[in-house]
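Have a look at the structure below, then the notes.
The values are calculated or read from the model by the stated rules, or taken from the named source; none is laboratory data. Fair warning: this is a prediction, and the values are worked out from it, not measured in the lab. Quick reminder, even Gly has a Cβ in these numbers, built from the backbone with ideal geometry, and neighbours come from all protein chains shown. Calculation scope for accessible area: heavy atoms of the full protein, side chains included, ligands and nucleic acids excluded. Shrake-Rupley method; radii C 1.70, N 1.55, O 1.52, S 1.80 Å.
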Amino acid sequence: MIDIQKIKNQFPILNETVNGKPLVYLDNAATSQKPISVLETLQNYYTSINANVHRGIHTLSQLATEEMELARKKVQHFIHAKNDYEIIFTKGTTEGLNLLAYSFTSQIKAGDEIIISYLEHHSNIVPWQLLCQRTGAILKVIPMDGNGILQLDFLERNLSEKTKIVSVNQISNALGVINPVEEIVRKTRAMSDAKIIIDGAQSAPHFRIDVQQMDCDFFVFSGHKMYAPMGTGILYGKEEALNSLTPFHGGGEMIATCSFSETTYAGLPFKFEAGTPNVGGNIALGAAIDFMESIGNEVFVSHEHQLLEYAQEKLSGIDGLHIYAERAPRAGAISFNLEGIGIASDVGMILDKLGIAVRTGHHCTQPIMDFYSIAGTVRASFAIYNTFEEIDILSEGLKKAKRMLS
Ligand code: C6P
């Protein structure tokens, strides 16, 4: 039996009150809260070892470098990458995807095709549109049905030698739908030489990730959604896939030699880490991984699955509440609207008055909202510290919102 209260006690912010009510934090897909161990790691870095990395022979610089490289190894093991130098520190999923779209430019020509899905976050749409504008490539989109399930027969009809990139998320942030990335990888490999990118922003906080087993070329995620500080993220790439790319940012630390006539690049991972990194944040990302591993992935999967099932049961009992994608396999989030209440943010504001934090709006996925002809949804998203009682409070809050708004 897991003691959720014991886990919850490790998060100081969860003792706060909001609008005079105990905080019920259900906006974890936007960002998770941080445990004491992560906060202390960050503070300890700035109070005891703050120095720039890979640059100094002085003791603090060496200590900071060692700690950050240790964090890189923790990430390597967390996602089961083959080598630590396949782990690139970024500031989040958005930066990882932009890095890839930019660095692919020289490999893409007019008429080449890039495939994404209907369920993507804007950060897995716009960078590819920009790449298409730069190169004349064509963006294709795997359609979805009314249940938020991707129609993968599209791949059979569209994959070809023209396909250069397939980029999809593992879990949709707007609907919580789990996409069959293994099947997408298998189909793509069978029918093209495309590079495969998985946006793991919403899966890394919940699932065990094994990039070698998944056989993707790249996997990107954000640290701040999995208990680490904001401004942290990871781009994983297979060694040969990373080596085939041109650098994104130029600057300090990413060069082997630099003169006015020619620059040669450093090896992995430094080729993609120009400038001073978020040293304290990256070290604290290592502490977040320690936190998650101290609980164990099976516990995360099981507890969060039970929370979702309970939320599904409670919320579907509310008259006039419509849950999106309820027949699809889902994890981490439940997305819904109250019938007859056009503006999701009105519901969100009433919940906020009750101390309940949810996200409302289009969740940076406007195509999904257009598909359903809605402006937005209310989304409750879960983390390991959420409880069944909090879902009861959400359910009561929604009933109140319905009474007030109808
Ligand atoms: N989704 C949400 O509330 P950044 O902002 O770079 O850490 O992550 C971008 C991103 C990319 N892909 C997916 C699937 C995501 O969910 C997100 C972030 C947050 O749903 C903020 S919009």
query = Is the range 269-281 home to any residue that is in a helix (DSSP H, G or I), in contact with a Ser or Thr (Cβ under 7 Å, 6 or more places away or on another chain) and in the same structural domain as Ser373 (by TED's automatic domain parsing)?
reply = no
message = Every residue in the range 181-206 that is open to solvent by less than 50 Å² (accessible area, probe 1.4 Å) and either outside the structural domain of Asn243 (by TED's automatic domain parsing) or part of a loop (DSSP other than H, G, I, E, B) (or both), please.
response = Ser192, Ala194, Gly200, Ala201, Gln202, Ser203, Ala204, Pro205, His206
request  = Check whether at least one residue in the range 240-262 is within 16 Å of the ligand (Cβ to nearest atom), part of a strand (DSSP E or B) and touching a strand residue (DSSP E or B) at 6+ places or on another chain (Cβ under 9 Å), and report yes or no.
outcome  = no
message = Please go through the range 118-175 and give me each residue that is outside any strand (DSSP E or B) and among the small types (Gly, Ala, Ser), ordered by number.
response = Ser123, Gly136, Ala137, Gly146, Gly148, Ser160, Ser172, Ala174
inquiry  = Taking the conditions exactly as written (of a type in the set (Gly, Ala, Ser) and away from the ligand (no atom under 13 Å from the Cβ)), does Ala201 satisfy them or not?
reply    = no
task = Quick one: in the range 208-227, of everything that is open to solvent by 10 Å² or more (accessible area, probe 1.4 Å) and within 13 Å of the ligand (Cβ to nearest atom), which residue is farthest from the chain's Cα centre (by Cα)?
result = His224
message = Under 6 Å between Cβ atoms, which residue pairs at least 6 apart in sequence (or on different chains) link something in the range 98-110 that is under 9 Å from Thr246 (Cα atoms) and part of a helix (DSSP H, G or I) with a partner that is of a type in the set (Asp, Glu) and open to solvent by 10 Å² or more (accessible area, probe 1.4 Å)?
response = none
ask   = So Tyr45 clears everything in (1) surrounded by 15 or more Cβ atoms within 10 Å (Cβ to Cβ); (2) in a loop (DSSP other than H, G, I, E, B) except one condition, right? Which one?
value = (2)
query = Across the range 15-38, what is the number of residues that are in a helix (DSSP H, G or I) and crowded, with 18+ Cβ neighbours inside 10 Å?
reply = 1
query = Within the bounds of the range 72-85, is there any residue that is under 19 Å from Leu242 (Cα atoms), outside any helix (DSSP H, G or I) and open to solvent by less than 30 Å² (accessible area, probe 1.4 Å)?
reply = yes
